[in-house]
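Taking it in order: structure first as structure tokens, then the write-up.
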Amino acid sequence: MSQDTEDLQPLTEPLAKRERLLELASVFGKLGIIAFGGPAAHIAMMDDEVVKRRQWMDREKLLDLLGITSLIPGPNSTELAIHIGLERAGWQGLLVAGICFILPAMLMVWALAIIYAQYRSLPEVGWLLYGVKPAIAAIVLQALWKLGRSAIKNIQTLCAGLVVAIFSFWGSNEILLLLIASLAVMLISRWRVVKSTGHNSLLFLPISANFASSVATIATSASIATSAIAPPTWIAVFFFFLKIGLVLYGSGYVLLAFLQQELVERSHWLTAQQLLDAIAIGQITPGPVFTTATFVGYLLAGHLGAIAGTIGIFLPAFVLVALVKPWATKLRRSPWASGFLDGANVASLGLMAVVTWQLGRAALVDGMTVGIVIASCIALFRFQVNSVWLVVGGGLIGLLSQLVR
């Protein structure tokens, strides 16, 4: 090996790592700015960017990460972004992907909170959502189709996905459905190999139970710390949202119910109208819906409260993803755990299908929005247009529709 080659060799790995980190920052920073529509839409856009366009991983791997993140508390789409970053560039990638996905939404919500505190009203952004929502519905529909082709492997996974979708539509508990479907697929798929696998392949179940117990203990401590500080200081805000990040499963609507009970009825830190406005801000801005914590934190404790609320609700996601990472490969290698993960994957898609239906009903309000969703589906399925352009186009159509009225 020449001297020049020896000099360049140590630089190769750091340069490659830096390039990966820059790519992660670019991808998830962009998604943090344009990813409207909630977790289902975020997952669809990540699939488009990570699997289809950049081929950082195959769809099977993305589904595994989605299935694992669905089994831990916290914002699933944010945890998926964090997990992709961890897979791509280690712990530095974990931080870069997560922060770049959260930060744009946090800054937008923070700015809106300042305006709201000044004028006690929300800016009018209905025109933006009018055009963006139909485009998002088409993006989610395409992702559901693609992910479904990978997740539905046999009759038991198909039936599990359908059952989860039906019961979720009826309002059943999401995490309970996910666990039942996962166990059912695991048992049906692997009952013939019980004796050959022994007990080692099931070690993840008691470990998960112990882990859940630890989480509950931490959450209880956080709750005590919150209740011990009556005024809404930034420290109280941090511990309150840390507790939520540790124990909350489900969508922004579950978050609404939790905040209603804790902030309005129990502590009286917010009025019911303030809470509804906070949730609305989380819904109308791109990125994670859980940035509602930024808005609430600002109302309760100013700028420090906004920072504390955001860190509190998202910090558990970074920690939990790092903790479950060593299990990802081991779970897929075990015949029992692999069946469990197949069930979790298809159950997640069943839940996503219900969200797609709800999103479609909210988005398709007239002939124009129907036309947008049809045109978006053609652009996606036939011409493979980047989903970013559909979101931008939908926003422009919304703006034009507002101007001509």
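Things to note:
- The residues in region 111-134 that are at pLDDT 75 or above and surrounded by 19 or more Cβ atoms within 10 Å (Cβ to Cβ) can be counted, and the count is 8.
- Where helices (runs of 4 or more DSSP H) fall wholly inside region 155-264, the ranges with 2 or more residues that are modelled with pLDDT of 60 or more and under 15 Å from Gly309 (Cα atoms) are 234-247, 252-259.
- Meets criteria (closer than 27 Å to Met186 by Cα and of a type in the set (Lys, Arg)) for Arg59: yes
- Ala105 being modelled with pLDDT of 90 or more, surrounded by 23 or more Cβ atoms within 10 Å (Cβ to Cβ) and touching a Phe, Trp or Tyr at 6+ places or on another chain (Cβ under 6 Å): no
- Selection within region 91-101 - open to solvent by 10 Å² or more (accessible area, probe 1.4 Å) and of a type in the set (A, V, I, L, M): Leu94, Leu95, Val96, Ile99
- Members of region 64-89 that are small (Gly, Ala, Ser) and either open to solvent by less than 10 Å² (accessible area, probe 1.4 Å) or free of Cβ contacts under 8 Å to residues at least 40 places away in the same chain (or both): Gly67, Gly74, Ser77, Ala81, Gly85, Ala89
- Conditions (1) crowded, with 24+ Cβ neighbours inside 10 Å; (2) at pLDDT below 95; number of the one not met by Ala301: (1)
- Summed over region 18-47, the residues that are in a loop (DSSP other than H, G, I, E, B) and of a type in the set (A, V, I, L, M) give a count of 1.
- Number of positions in region 354-372 that are within 25 Å of Leu63 (Cβ to Cβ) and modelled with pLDDT of 85 or more: 1
- Being small (Gly, Ala, Ser), in a helix (DSSP H, G or I) and modelled with pLDDT of 90 or more holds for only one residue in Ala137, Ala97, and it is Ala97.
The values are calculated or read from the model by the stated rules, or taken from the named source; none is laboratory data. Keep in mind the model is a prediction, meaning the values are calculated, not measured. Every residue, glycine as well, gets a Cβ built from its backbone with ideal geometry; the counts of neighbours run over all protein chains shown. Please note that ligands, DNA and RNA were not included when accessible areas were found on the heavy atoms of the full protein model with its side chains. Shrake-Rupley method; radii C 1.70, N 1.55, O 1.52, S 1.80 Å.
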